[in-house]
Amino acid sequence: MKITIVLPNGENEIREYDHAMTPLEIMEEFKDRFAHEVVACRVKERNAHLLETVDEDCTIHFHDIQNPYGNMAYQASLTMLYLTAVNEVLGKEVKVTIANSLSKGLFTKIHSNGINDEVVKQIEDHMKEMVEKDIPIKEERMERDVILEYLKEQGSQEEYRLFKTAEDLSHAFMCEINETRNLFYHHLVPSTKFLKLFDLRRYRNGVLLRFPHPSNPDVVPEYQEQKKLYEAFSEETHWEHLMGVNFVADLNEIVKSEDIKDLIMLSEALHEKKIAEIAEEIKESGKRIVLIAGPSSSGKTTFAKRLSIQLRVIGLKPLYLGTDDYFIDRADMKVDENGEMDFESLSAVDVELFTKQMNELLAGNKVDLPEYNFIIGKKEYGKRITSIDASQPIVIEGIHGLNPELTKGISDEEKFKIYISPLTQINIDMHHRIPTTDARMLRRLVRDNRTRGRDATQTIKDWPNVRAGEEKWIFPYNSEADVFFNSQCLYELAVLKKSAKPLLEEIDPSQPEYAEAQRMSKFLDYFVSIEDESVIPNNSIIREFIGGSVVVN
């Protein structure tokens, strides 16, 4: 049996074996060559468990948490360890909700009275004890019919309703530590010894479960409070309660009942209400430089233009600009480590020209604003010569909007900063959240195909570089924001499924992106598809991605 071993750093080596092996056994031969703890693997371009038996020629890719699937495996396994510790410290009847990402970790809620620092420390200490004992994490694949019967017997309503409504959902994995059992939708690590890095801390009305970030897999990052992000998630939770949608099963039932139009209208009305409130806040502040930033596919352009309309409604006449028009000429642009133009870097922006023109506009001077011609890679002038009066704000959209280096030459008294992202708060079930990153990637995948003719392979291939740019240039500055805007449309994944799933299924098993495409395709299986897009307003943020927008070309 010939096995090609691919290490996390891309190195590969061929080994021959005369008997069946597991990836875990093979790992032992390479452990001195792993820079970080390996937590997952891919066998024959399919995500697999480290204890799966391999008995024929194949390629095995080993993953640490720098790989998206490895990162998910670690988080899910740590969640299982946490749930077990809560049950063994506080009792099996105590329920836990994994709510959302926050402060480089997961914000969770333990549904029990008297959760204080001492109790949280007891849970953390018990988790560490289980790690030291190297307890096996058992895993059994269960098919749909068996799961439905099991969940009905156990009275697990949210999970039962999910499988009952999501007919495309074919299987899950029953995982067990000691006597605690929970369903998961992808593979966990083989035992607790893989879960050495984490910490717990009480925060507000919940508990933060924190772990290493892919950018530095060997340490739990320094804690930083994200107060405004917490408030944005709390507001989203309030909205979902208003709409009666807390779990994916709630959304699926509404789609199946054909009441989805009402839900869409309510979701869009809440967006419009929030945008109007932000416009009023800008007017009351008297600030004239309105900076809008957020990660890829967050809906910045639609939001900026809808905000501009709301500012006009209350008597202001905003000037809309994009920082992309201030890119330096391509001939002068730096290249990244792969020799490609780095449009994500602040060095790609002509900060000096941007600062000069913003200050001239604020002073009431006439300015020849550039338009960047992406075909020839140069700024062009003479098309937008303009000036503004003392009451007009400038609405500026771009990934670097909250970076102090972009606007350090402009008075802070003039800046109103807005961070936008689709903060997905609807949960799959009590123990499984929907990663915001996955929601954004699906948005981008659909838009890339529609507007640029790019297939899903290319979007998936580019996504790690996009994420790396966000980690460097966007996320570190979201605390600078005066306001957070959640651009999530509650119903959007049910809409994106119709367009995204066929694109994902076009990827051939021989392509490196196949495993990630399969993961995303299975993720969409949770949702009942909304087939009729005509009920979605043509100024909706989701229209920026699926098409039909009257706001974005």
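Each reported figure results from applying straightforward, stated rules to the coordinates on display, with no laboratory input. A quick note: this is a predicted structure, and the numbers were derived from the prediction, not measured. With ideal geometry, Cβ positions are generated from the backbone for all residues, glycine too; neighbour counts draw on all protein chains shown.
What translational diffusion coefficient, to the nearest whole µm²/s, does the stretch 2-64 have by Stokes-Einstein, given a Kirkwood radius computed over alpha-carbon pairs, a temperature of 20 °C and 1.002 mPa s viscosity? Mind showing how you got there, number by number?
On the way: Rh = 11.5 Å.
The Stokes-Einstein estimate is 187 µm²/s.
Using the number of other C-beta atoms within 10 angstrom as an exposure proxy, rank V550, V255 with the fewest first. Spell out each step's value before the answer.
Details: V550 12, V255 20.
Ascending number of Cβ neighbours within 10 Å: V550, V255.
If the label point is 7 Å along Cα→Cβ of Q511, which residues in the stretch 446-479 have backbone nitrogen under 18 Å from it?
Once the point is set 7 Å along Cα→Cβ of Q511, 446-466 turn out to lie under 18 Å by backbone N, inside the stretch 446-479.
What percentages make up the Cα-Cα pair-distance distribution of the stretch 416-545 when the bins are 5 Å wide from 0?
All Cα pairs considered, the percentages come to 2, 9, 18, 21, 22, 15, 9, 3, 1, 0.
So if the hydrodynamic radius of the stretch 319-391 is defined as the Kirkwood radius over C-alpha pairs, what does Stokes-Einstein give as its diffusion coefficient at 10 °C and 1.306 mPa s, in µm² per second? Walk me through the intermediate numbers first.
Values: Rh = 13.2 Å.
For these conditions, the coefficient is 120 µm²/s.
Given the Cα-Cα distance of E272 and Q122 and 0.36 nm per residue of separation, how much length would full extension add, in nm? Walk me through the intermediate numbers first.
Working: separation 150, 0.36 × 150 = 54.00 nm, distance 4.49 nm.
Full extension from E272 to Q122 adds 49.5 nm.
Out of all DSSP beta bridges with both ends in the stretch 2-64, state the antiparallel percent to the nearest 5. Walk me through the numbers before you get to the answer.
On the way: 13 of 17 bridges.
Counting only bridges with both partners in the stretch 2-64, antiparallel ones make up about 75 percent.
Write out the trypsin sites (Lys or Arg not before Pro) in the stretch 62-159 meeting two conditions: DSSP loop, and at most 13 other Cβ atoms within 10 Å of their Cβ.
Working: sites: K92, K95, K104, K109, K121, K128, K133, K138, R141, R144, K152; in loops: K92, K104.
Taking the stretch 62-159 and a limit of 13 other Cβ atoms within 10 Å, the loop trypsin sites (Lys or Arg not before Pro) found are K92.
Averaging sequence separations of C-alpha pairs under 8 Å and six or more residues apart, then dividing by the length of the stretch 1-112, give the relative contact order as a whole percent. Provide the component values of the computation, followed by the final result.
On the way: 162 pairs, mean separation 24.4, N = 112.
Averaging sequence separation for qualifying contacts and normalising by length gives 22 percent for the stretch 1-112.
Rank-order 10-23, 358-371 by packing density, defined as the average count of other C-beta atoms within 10 Å over each peptide's residues, highest first.
Details: 10-23: 12.0, 358-371: 15.4.
By packing density, highest mean first, the sequence is 358-371, 10-23.
Bin width 5 Å, origin at 0, all Cα-Cα pairs of the stretch 70-210: what percent of pairs per bin?
2, 9, 19, 21, 21, 15, 9, 3, 0
Tell me whether the stretch 189-337 comes out rounded, prolate or oblate; compute the Cα gyration tensor, take square roots of the eigenvalues as a ≥ b ≥ c, and use a/c under 1.5 as the rounded threshold. Each step should come with its number before you reach the end.
Working: a/c = 1.89, a/b = 1.17, b/c = 1.62.
Judged from the Cα gyration tensor, the stretch 189-337 comes out oblate (a/c at least 1.5, b/c at or above a/b).
Calculate the spin-label point distance for M265 paired with D336, positioning each point 7 Å from the Cα along the beta-carbon direction, and give it in nanometres.
Here the modelled spin labels are 4.5 nm apart.
What is the spin-label model distance, in nm, from A35 to K356 if the labels are put 7 Å beyond Cα along the C-beta direction?
Taking the simple label geometry, A35 and K356 are separated by 4.1 nm.
What full-extension length gain, to one decimal in nm, is calculated for V550 and D532 as 0.36 nm per residue of separation minus the Cα-Cα distance? Could the numbers behind the result be given before it?
On the way: separation 18, 0.36 × 18 = 6.48 nm, distance 1.82 nm.
Fully extending the segment from V550 to D532 adds 4.7 nm.
GluC sites (Glu not before Pro) within the stretch 238-267: which are DSSP loop residues with at most 10 other Cβ atoms inside 10 Å?
On the way: sites: E240, E253, E258; in loops: E258.
In loop regions of the stretch 238-267 (DSSP not H, G, I, E or B), the sparsely surrounded GluC sites (Glu not before Pro) are E258.
From Cα pairs below 8 angstrom and at least 6 apart in sequence, can you work out the relative contact order of the chain, rounded to a whole percent? Could you put the intermediate results ahead of the total?
On the way: 965 pairs, mean separation 81.5, N = 553.
Computed value for the chain: 15 percent relative contact order.
Starting at 0 and stepping by 20 Å, how many percent of the alpha carbon pairs of the chain end up in each bin?
Percent of Cα pairs in each bin: 19, 52, 26, 3, 0.
Sort the following peptides by mean Cβ neighbour count (other Cβ atoms within 10 Å, averaged over residues), highest first: 221-229, 302-310, 388-396, 290-298.
Numbers: 221-229: 13.6, 302-310: 21.6, 388-396: 17.2, 290-298: 26.0.
Going by the mean number of other Cβ atoms within 10 Å, highest first, we get 290-298, 302-310, 388-396, 221-229.
Each label point is 7 Å from the Cα along the Cα-to-Cβ direction; what then is the distance between the points at Y223 and K366, in nm?
5.8
Can you pull out the chymotrypsin sites (Phe, Trp or Tyr not before Pro) in the stretch 364-447 whose DSSP state is coil and whose Cβ has at most 14 other Cβ atoms within 10 Å? Display every interim value, and only then the final one.
On the way: sites: Y372, F374, Y381, F416, Y419; in loops: F374.
Counting only loop positions with at most 14 other Cβ atoms within 10 Å, the chymotrypsin sites (Phe, Trp or Tyr not before Pro) in the stretch 364-447 are F374.
What 222 nm value per residue comes from the helices of the chain, counting each DSSP H run with n ≥ 4 as -39,500 (n - 2.57) and dividing by all residues, nearest 500 deg cm²/dmol? Before the final figure, lay out each step's value.
Numbers: 15 runs with 211 residues, N = 553.
Computed mean residue ellipticity for the chain: -12500 deg cm²/dmol.
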